[in-house]
Structures are given as C-alpha cells and as structure tokens.
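Before any comments, here is the structure.
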Amino acid sequence: MTIPRFYQLIVDLRSVSRTYGSGHSAVAALRDVSLQVPEGELVALAGRSGSGKTTLLNIIGGLDRPDHGEVIVDGTDLAQLDEAGLEQVRRETVAFIFQGFGLVPELTAMENVGLPLRLLRTPPEARERRAALLLDLVGLSEHGEHRPDEMSGGQMQRVAIARALAGSPRLLIADEPTGQLDTETGLAVMALIRGVVEAEGMTAIVSTHDPVMIALADRVLRIEDGVLVDG
Amino acid sequence: MADRGPAGLAPGAGSPRVRSRGVRRAVSQAGLVVALLAVFTVCATGAGTCALLLTAGNERALSAAVAQADGSENTGSPDIASVVVLSSTTNAEGAPPADAGRLAPLVRQSLTDASRPYRAEVSLWTTTPMLFLSGTDVRNGYLLDADTLTANASLRSGTWPTPPATVGGSIPVAIPAATAAALGATVGTELRLSRDRHDGNPVPPVYHLVVAGIFEPADSLAWNRDTLHGRGYDPSYLRLPTFGPFVVAPGTLELLAAPVAKVDAVLDPDLAGDAAGVPDLVRGVQAVADRIKDAAGASINPVLIWFPLGAAFDDMRTELGVTNALVLAVLLVVLALGATTASLVARVLVGRRAGESTLLRDRGASTSQLLIGAATEAAVIAVVAFLCSVPLALAAYGATAPAAALAGSWAGLAATHGPVLVIALIAGAALPAVVAVIAALPERSRRGRQVISGPVARSGIDVMLALVAAVAYFQLRSHLVSAGAVDPLLVVAPAVCVIAVAALVTRLVPLAARAANAAARRGRGVVLPLAGWHLARGGAAQVAFLLVLAASVGTLGATYLGTWSTSQGDQAAAMVGADLVVGQAGGPDTARTVADATRGSVTPVADRAVVLGSRPSGVKVLGLDATLADSMLRGRLPDGAAWSSAMAGLAPQAGGAPLTTAGGPLTVTVTGGLANPVGSGLVVPIVTAAPTLVLANAAGYRTTQVGSDVALDGRPHAIHLPIPGQQALPAGSWRIVAIDLHLLDHTTQDLIGWGNTTATIEVSVSVEGASSVGGAWGTSANAGLGGVQPGDAVAHSGTVDASFGYSVLGLSWEEAHVTLLSFPASTQVPVVMTQTLAGELGLAAGDRIALTWGSTPVEAVLVRTVPYVPSHVREAALLVDRTSLERGLLSAGLLEPVVDAWWVSSPRPGSAEALRAAHLGPVTTLGEVTSALRDGPLRAPLPVAWLLAIAAAVGLAVTGSAAHAAAEAQRRASTIARVRAIGVSKRDALASHLVQHAAVTSTAVVLGTLAGAVLAWLLAPLLVVSPRGEPAIPPAALAWSIAPTAAVVGAILVGGLLAGVPAAVSVVRRSTVAALRAGDAP
C-alpha cells in the first residue's frame, strides 16, 4: 500500500542504542529507542538534562552513529552511509538549529544564511536572493551585514533558523533552540519555528523543556535515561 | 583545606600540588613546551657559539694566521726582521769604527734576547769597510762574513772557506765567479786587502787572502744584503773598480776583530702558531736599536730596523675585528628570529591555557602571581635549554673553521673560556625566556575582529624602526670601519635594517589577505570563502612577521654568501694583479726558468715607487706590456670594462729599428771625430767615448754591455766585449735598443780659445755580425756644462751613424752622455692614474707632471684614470706600458733595466711550489690569496655563521609555523564542527584550513623573499668589505645565488606548509559532536 505523502515517515528509528565510553565508565545514552515521525509533524522531545535528547537528535541528524538499530531518515538508512553520505544528508535533507546558535562568527548574517547554498553550488546571485528572502522571512532583513557579535541572542537564533531553511531541508532538528534566550524571545523563536514548519511543510523535531514549545508541538515525546517513555 | 594561599587562591607556586599540576600540564602540552625549548636552545647555542668565536676562536685564528705568516728570508714573509747596523768609519768624536769582535755578538745577542720566548734564528752578514786590493791600480774589495752563504750559493770549484789557522795568517776566502773572472783568479790565488795604501803599497793592517773556492750566487733575496748584490764586480762603485765579496768562514771577522762597515742581521722567529707573544716580540725588536747604540757607542750610525710583523699583526687583528663584527651582526639576527618565535610559541601556550588562567583569576590570582608561574616555567625550560646548548655550542664552534685552523684541546677550552661560555649560554637562554614571560602578560581583550596586522603595526613601532634603520643604513654607507675592536655600527645596523624591513613588509600581508578574501567570496564553493573569511579575521600577524623575517634572513644570507665569495675572488685578483707573480727581477735566465716551471705566458713587469711632481710621498708605478693587458691583468673594472681599453694609447706607436745580434762575445767598432776642421790656433780636443750597449731579449729582459774608452780621433777603434770583469752576453737573440756614449775630455792643453764654441762630432758605432731593418734613430743627451745638442742618427745593417754638437769648454769640466736610441727620443711617458691620485693632484686627461724614477726625471702624461691599479689597491699608483717607460727612461739617460718582477698568466698547477724550490724570490698566486681571503682562519667563521643563521631561520620558521597552526586549529575547532554539522565535508573542511594556512605562509614567504632581495641589494655590498674593513676594491657586485636562495626559501615554504598539516588533520578529525557541544558551551 502506498502511504500518502502526507503520512510518509520522515524519521523511522528502530531499536536504536548508543553507549559512550566503555567498561565501568560506560554511559548508555540511548537504550533501544524506536520512534517514527511522519512528514509535516512538529515533534517536541522533552526530558531533563542528560536524558539523551541531544544524542537522539544527533543520531537522527547524522552527526552521530548508533551502536545498534536502524536510523531511516527520509527513506535512507543512515547506518549504511559512509561519512560522505552522512554529509550529503546534512546538506540536502536535514538542517540543524543549535542551542548555541552555531553561527560562524567571522561571517555576516547574510553569509551565514548563504553557507548551505554554497554547499549546494547555488550561483551567487540566486544565493544572495534566497538569503535575503530568508532573512526577511525571519524579520532580519536590515541585519544582513551584521556579524553575530553585533546581534542579540534572539537575532542570532533567527539567523540560525534562516540558515537552516536555506537548503529547503526535509527535516528540521532544533536542539534546545531557546535554551539561551529569555522567555519572551524564546516564545517568539518557537512561534517562528512553528510558522516555518507549517508554511514550508517541513517536519521538525525540537528538543526542549519549555512548556510553551511543548504546547505548540503536534506531539510530545519524553525521554528519560535514554528511554522513550512516550512513543 | 590545606595549602591555601592568600585571597583564597589555589596553593602557591612552590607547593608539591602545584608542581605536580605544572608537570602534568607541561606533559599534556608537550609539543608546545618542546617547541619553546627548541627556541631557547637555538638562541643559547647561537650566543654560546659567538662567545667561543670571540674568545677562544680569536686566539686560535690569530695563532693560525701567525703560523701561516711564518716564512723565511727568501719568501719575503712578514715575520722576518731585517736589522742593519751601519758603523761610521769616521766620526766627529774620532772614535774608531766598531769591530766585528764586539759588534757581531752584540747584535746577535740583542736579537736573540728580543725574540724571547720564541726560538729564533739570527743570521748575520758582516761586511768590512772598503779595502784596497793589492796591485798597481787603485781597486777596492771587501770582506764578508755571511753565515747563510752556503744556502744561497752553489760551489763551482774548490771548497768553502774555513777559519784561518792563526790570527795574522792566510785567510781562506770564497769569491763569486764574476769576481774570479774579473781578477783572473782561481782556486789557490793569493790576494791582499789593506785598510790603506801608500805609494802603491799596502799599509797595515793587511789581510792575506787565499782563494779556497769559487761560487755562483743563487737568485735569492739574501744577496740584497751584499754590497754589490752578488754581482761580484762593479767597474765604478764609488768611482773605483770594486771586487767582492771575499767571503770568509763564519766567525772569522770576529776572530780577527776586523773593522765593520755594516752588520746586516735577519731575525727569523719560530712563531710556532702562538700569537700571544707577538706584540712583545715586535716591541722587543724595535727596542734593539737603542740597545745596540747604547752598548756600541758613538761608532754606530742609526740602526735600521724593518719588521713588518707588527703591521701585519695589526692587520690580522683588524681583519678579525671585522669578522667578529659581522658574526655578531648575524647573531643579532638569529636572536631576533628566536625572540619572535619565542613570543609566538609563548602566546600560543598562553592561549591554550586561557581557561586555566581565567579560572585562577576568578579565584583571586593576581597578575604578578600568574607571571611568577610563567617565569618559573620559563626558567625551568631555560635551564634545560642551557644544558642542551653546551654540546651544541661546542659542536657549532668546532664547525666554524677547518679542523687544522681551529681545533684544539676541549679540556683547555673549558678551563680558559668556560666562564664566558656559561655566561653567554645563560644570556642566550634568558633572552627568549624573558620574551616568553612578557608574552604571557594579559592583553586587553578586543571586542570584535582581530586585525591581522597585529599590535606592532597598530602601534607604529615598525615605522619608527624603519626610520632608525634608514639612519643606520646611511651611516653604514659612509662609515669607515673601526680598526682593531669590533665596530658597533657594523654589528647593529644590519640587524636593525633586517628587522625593520621585515616589520614593514608584514603590513602587506593583511592587504593580500583582504584581496584574497574579496576574490574568494565571489566564488560558488565553500573552501576558499571559509579560508578567506578566517584569514581576514586576523591573528596571523606574528607568524607572518616570523616567516617574513625568516625568508628575509634566508634570502639575504644566501645572496650575501654568494656576493661575499665572489668579492673575495675579485679582491684577490685586484690585490695580486695576475695569476702568479714572482717578486724578483733575477737574471737573464729567470724568464726561461719561470716559463719552464709554469708553462704559462710570462712577462716582465716594472713595479716600484717613484716621485711624482712635488708629492711628498711616493707613488707606485706598475709597468707591463699593454698588448698583454687583457690576458695578464686580473681585477674587475666598473661596467665590465677591459684592461686593454684602460691601457689603450699607452704603448708606443713606433716600433723602432733596433740592431739584432746573437749572444756571446761582441766586437764593437767606434769611429768618431770632429765633423769640421779645427780653426787655426785652436787646440784639437781629445775626446773619448765609452760605449754601453743596451740589449733586450725576446722575453723582455734587458742588460748592458759596457765597453772601454776609445778616442774619437777619426780612426776606427775595436772594442771586444765583454771587457774583463763582465760576463758575456748569454746565448740567444738580442736586440740592441740603445747605445750610450760616455764622453770625457782628456785635453791637457788650454781650451780657452774655444770660448763658447760648440763643436760637432760625427760618430759611427758598428756591431760585428749585427743587422737591422734600418731607419732613423733618436738621440738624447745628458750633460751639464758639457752642453750636448743631440743630432740625427740612422741605422743601417749593423751600424748606427750619429752626430751631435757639444760645448768644448763645458766638456772639459764635466762628462756627458749621448744616447743613441732605436726609437724616437722622448722623455714623455703616457700613464694611467688612479682616480684618487688624479683628484688629489688636480689632474685631468692630457695634463703633464714630472716623474722621477730613482734620480732620472721623465714627464708623465695623463691619458685616463682608473679606480685602482692591480697589485696596488688603495695606493696612489700609475699604470704604464713598460716599453714606453723604458723608452722614456732611456731617453733620459737611464740605462738600467726596469724589471722588478715577472707576471704569469695561466700557470699550470704546482707552479708556485716549483718556483719556490728554485729560490727565485717571493711567489704569490691568485689562487692562494683567494683561498686565504675565503677560507683563511680570520675569515672562516663568517660564512659558517651565516650558514648556521640560515639553518636557524628554517628551523625557527617551521617551529613557529607549527605552533601557530596548532593555535589556529584550536581556535577554529568549534567553527569546523559547526560547518560540518551543516554539511561541509571533511575534505572541504580540511582544505579550507590548509588553504588558509598556505595563504598566510606563502604570502609571507614570498614577501619575505622579496624583502630579503631588497636587503641584499642594499646591504650586501656594504657588508662585503676588505679584510681591514675598508670598502672592497673593486666594489662588491651583487651575486644573486638563485639555486641556494631557492633552496632556502623552498625549505621555509615547504616546512611551513607541512607544519600546518598535522594540526589541520587533527582539528577536522576531532570535529565531532563533542567539539560541537564544546563550541556551543556558553
């Protein structure tokens, strides 16, 4: 049976486990985690610090590899990919938004947003048009020539969002995007993410312990000690 | 909690916990700590090596140079002292002349005492005053006691003389072959010499001589000590025929207490390669004159002492001072490199520990406490560097010269120069340690981007330094190096110029970076933009300066070495003048002997001092065949001009019409007489002429054959040459280039009636067997009251016909000479003059000035000027064509040959040794002088110091580049992780890092190479000086050593590039999620 696109799984994890270290110092960050995220869904991943949220997101985004299990993102089994394959996934399919914004400090907002487009070999003119459009989308069209040290935390996170959208990814992964922001700014950022997901029709997984973001999500997953308690 | 320091600090620096932490920290940052240790060690080694060079090295170098100067009388080496004691045979006090019994031992003992502690050989040639030789004619002879006779003569017959059996008995003597021929003496002939004669009889004391042996004097400088220079006979020495020397056995004159006219002493000290006692030796010998005069009393005239060792030793010390200054200049450059690298590595280390420092500050640590920690660590590293540098400095010192020149006892070295070495090593390690501690000082944090130009450029120090460097450079251009001690300007100026230029050029690096960044941003990819963005961010100022400085030093060093080496060859060529020089005229066979030994082209050369105009000090004249200028003369002229063009116009235009004859006995027929009948009532003057033939062979050697007086009475008179006492003309082809007629009036009757009348004499001189192409001859006259007016002369076949007028009354009072010349008579000699001399005299081309050759005046005509005359660098000198000179002197009446040396071009290998074995006099070769200038013990440290500096530049550049790359990798770690998280491939991330590193490295190295080329162009000609520190002559021409420079620059570039690879690979490999998380940490 052909699954309608609307209900096509973007993320399909099966019995994923990840352990750091070995011997007595081994830490089981994830234990036999399975989850499916259909296309277009905004999923909130909640849990306290050290519960395994970031590890789970990194594995989904191809930044890390599980010790066991399958990781299928947009129909591609990440475990079968080599380093180059994972890089391609990060360029074309998945986009990250980091708690620390993850901007390149030497680049302007425009250059940061255009960075994923350079990876896609976008011509300079098209690249600059798209970057300007995205900055306008996030309300920062007048800050295009500012560098990160010339912007507030909220502005930097919005630039990060714009950069994440530059390559038109299928999956947006945000790890504690409002962790370094005040409440009001965090609310605005979360609303932006929500709006972008709906407008662009993309899927998003957001790790957060912010009740406002949790309230905005389509579904909430809770993880404790590396185990999903709500699937 | 135990061990808490003030203000809640962690434990003090001396506590075990702190030490343990320090050790663990150092181990974890081993790479940077080792880099710092390497830098400290390089600086300490450089300082220690220099200290050894300036102390033990100087002593050894001087001793080696002194050992090379140790020669013998016949090699003309500077360590030979010549002391001539002249005894007055008559004096105002009426004291008798000194006798050999007192004077000879006094001179010998005085010189032996003066030469202590050196062992020395003292040779005495003691000569009596002129004595009368028995016989009817008044003839002179003299006795000679020469203790080195047998080494400077070869026995023809008989035996060497022995001391007389009894005082007053027969005295065995040996006489030169020429003396024997002139006297008709053989072995066994008995002769008498007496102090005086009366009515033809000898007056006691009389010396009864018996000829024991006949010898041939060797062609050696020793015979300059003989009154007749080994000729054996002079028909008119002090107006009397003189025979001698009559050589007695050594010690005989002392035994006889014979009167002494001259004691010619030669002191040959065995310097044994020990320079320490040379100043005392020189002072002691110079004081011998007073000692002898005090002991010998009024009978001694001033004692003449010639001892060039003092001046030579001063030259050696000056040369060493110049070398020392240049070596110290190199050391300063190395220390600048070391300090820069130390600062760079220290800053990297500080950056690596920024977190720890921040934590300590937050816990209350003060700046001084942190500095104490840094200073303690630096001190520990400096101590380790000191220990490492001891063997390295000793090894480097041992490598600075050939083993034979500088090798010595290491134990002795440590004992005598150990303290200096230790101090230098400590200072050398302390300098970078202080720099490192200063680098650890907290720098005010700057919000925003770091400017790549760095704090030096921002402060403008580099501009101020450039101004100082400009002043130093212009001072250097006009500077005369201080003699003896190390010249401070020569030490400091080069280092200041190098550092200043490097600092200024470093300002261009950010310009290049911005241009690269702008170009990269327009592209599509991510590698170049990432590299350009990080490059534009800055933080590479210090490594850029280090690479610029290192490349500058490498380029300057390689070019300087090439220029220096080439200049030594040029200077040697100018100093020697030819490929090989035999510094003695010798005899008629000398040219053939030299040619056979060298198989090169041989030419006679005139080389002596003359008086020019009214200039108080003499001027050197170098005369050689102008047609051989290019093949013979060595030494570079400006703009590549040839010596033939410099000597153009000096050779005579006219070839001359000499008579040609074979060697051996000659018969000359002279026919002459008054051209017109004598008026009635006048006495017919009785005039005689003694002809002297001036002959030259194909090699350019000239000689004379003197004939006896013949009357100019209208009848032919045959003269058979050689006359008794002369040697026959050697076999071969000879040209009679001039015939001199010595005119004397023998009229006994009254010539008053002649008044001022001038009579004309026609004379014809025929040489049997001679021939000529025929043609006009020139005539010249040299007469005072004799008043001779030269007339015409013409040669045909073997005869020269001439006529001349003369003042009858004048000739009766004074003799005259008429010289018949095979060329047009002219006392004008075209000359080339040094520019300095021409400027001093205010002369321009075409001007004339009087030149006095000995006592013969001629007129020098200036043709052009040259920067220098070969073999007389830095002297006021003239360059002439030898034929023109000879013609001018012959026209002025000087018949003696003008050969002082023989120059050779293209001699075969081993020529010098063969010529020295033949005892022809001092032999100088261009190869030996060049080798001495390049590799001599006084010069050897300089090229090796530069080689060590170049090696240090490469090593320090790579070390600094690696440290910077490690720091840069750490700075970029989080960025690399972030961009990889958004999809940048590992390959592109690595490439961007390498491109950034390569951009800084290659830009800095290229700019540094260009800066080094500019520095070489500016400084190398100024730093390549003569051995005495004067501007080089000819001026040093920049020699671009392309291959060595490319090798050095390539090593810095490749080393610097490769130094960045490990850090780049490491940071990309570590760009994992952990790095991402760490980079995201607030």
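Side notes on the structure shown:
- Enumerated helices (runs of 4 or more DSSP H) restricted to region B:460-549, each holding at least 1 residues that are more than 17 Å from B:Ala1011 (Cβ to Cβ), within 14 Å of chain A (Cβ to nearest Cβ) and of a type outside the set (A, V, I, L, M, F, W, C): B:508-521, B:527-537
- Selection from region B:815-858 of residues that are more than 24 Å from B:Gly775 (Cα to Cα) and in a loop (DSSP other than H, G, I, E, B): B:Glu815, B:Gly842, B:Leu843, B:Ala844, B:Ala845, B:Gly846, B:Asp847, B:Gly854, B:Ser855
- Every pair of residues 6+ apart whose Cβ atoms lie under 8 Å, when the first sits in region A:93-106 and is more than 7 Å from chain B (Cβ to nearest Cβ) and over 11 Å from A:Ile161 (Cβ atoms) while the second is among the small types (Gly, Ala, Ser) and part of a loop (DSSP other than H, G, I, E, B): A:Val94/A:Gly61; A:Val94/A:Gly62
- Only one entry in A:Gln80, A:Gln8, A:Gln36 is out of contact with any strand residue (DSSP E or B) (no Cβ under 8 Å at 6 or more places or on another chain) and away from chain B (no Cβ under 14 Å), namely A:Gln80.
- Check on A:Val196, touching a Pro at 6+ places or on another chain (Cβ under 7 Å), assigned to a helix (DSSP H, G or I) and touching a residue at least 12 places away in the same chain (Cβ under 8 Å): no
- Considering (1) surrounded by fewer than 24 Cβ atoms within 10 Å (Cβ to Cβ); (2) among the small types (Gly, Ala, Ser); (3) assigned to a loop (DSSP other than H, G, I, E, B), the lone condition that B:Gly569 does not fulfil carries the number (3).
- Residue in region B:883-891 that is in a strand (DSSP E or B) and buried (at least 24 other Cβ atoms within 10 Å of the Cβ) present: no
- Failed criterion for B:Val898 (all others in (1) in contact with a helix residue (DSSP H, G or I) (Cβ under 6 Å, 6 or more places away or on another chain); (2) free of Cβ contacts under 8 Å to residues at least 40 places away in the same chain hold): (2)
- Test for B:Ala967: is it touching a Lys or Arg at 6+ places or on another chain (Cβ under 8 Å) and away from chain A (no Cβ under 14 Å): yes
- Condition check for B:Ala965: surrounded by 21 or more Cβ atoms within 10 Å (Cβ to Cβ), over 30 Å from A:Leu107 (Cβ atoms) and out of contact with any strand residue (DSSP E or B) (no Cβ under 8 Å at 6 or more places or on another chain): no
- From the list B:Val866, B:Val858, B:Val873, the lone residue that is touching a strand residue (DSSP E or B) at 6+ places or on another chain (Cβ under 6 Å), of a type in the set (A, V, I, L, M, F, W, C) and within 30 Å of B:Gly1029 (Cα to Cα) is B:Val866.
- Pairs are defined by a Cβ separation below 9 Å, a sequence spacing of at least 6 or placement on different chains, a first member in region B:33-44 that is charged (D, E, K, R), and a second member that is buried (at least 24 other Cβ atoms within 10 Å of the Cβ) and assigned to a helix (DSSP H, G or I); no pair meets this definition.
- Put simply, of A:Ala126, A:Ala162 the only residue that is without any contact (Cβ under 8 Å) to a residue 24 or more places away in the chain, more than 9 Å from chain B (Cβ to nearest Cβ) and either more than 18 Å from the chain's Cα centre (by Cα) or part of a helix (DSSP H, G or I) (or both) is A:Ala126.
- Residue within region B:47-67 that is at pLDDT 90 or above, within 30 Å of B:Ala385 (Cβ to Cβ) and crowded, with 17+ Cβ neighbours inside 10 Å present: yes
- In region B:754-808, the qualifying residues are those that are farther than 20 Å from B:Thr660 by Cα and of a type in the set (Asp, Glu), and the one that is surrounded by the most Cβ atoms within 10 Å (Cβ to Cβ) is B:Glu762.
- Criterion: modelled with pLDDT under 85, out of contact with any Ser or Thr (no Cβ under 9 Å at 6 or more places or on another chain) and either aliphatic (A, V, I, L, M) or crowded, with 23+ Cβ neighbours inside 10 Å (or both) - qualifying residue of B:Ala401, B:Ala382, B:Ala427, B:Ala378: B:Ala401
- Residues within region B:287-338 that are hydroxyl-bearing (Ser, Thr, Tyr) and modelled with pLDDT of 85 or more, tallied: 2
- Annotation note: of A:Gly23, A:Gly69, the sole residue that is surrounded by fewer than 22 Cβ atoms within 10 Å (Cβ to Cβ), more than 11 Å from chain B (Cβ to nearest Cβ) and at pLDDT below 90 is A:Gly23.
- Count of residues meeting criterion [crowded, with 24+ Cβ neighbours inside 10 Å and either among the β-branched types (Val, Ile, Thr) or outside any strand (DSSP E or B) (or both)] in region B:859-869: 1
The values are calculated or read from the model by the stated rules, or taken from the named source; none is laboratory data. This structure is a prediction, so every number in the text was calculated from the model and none was measured. So basically every Cβ, Gly included, is an ideal-geometry build from the backbone, and we count neighbours across all protein chains shown.
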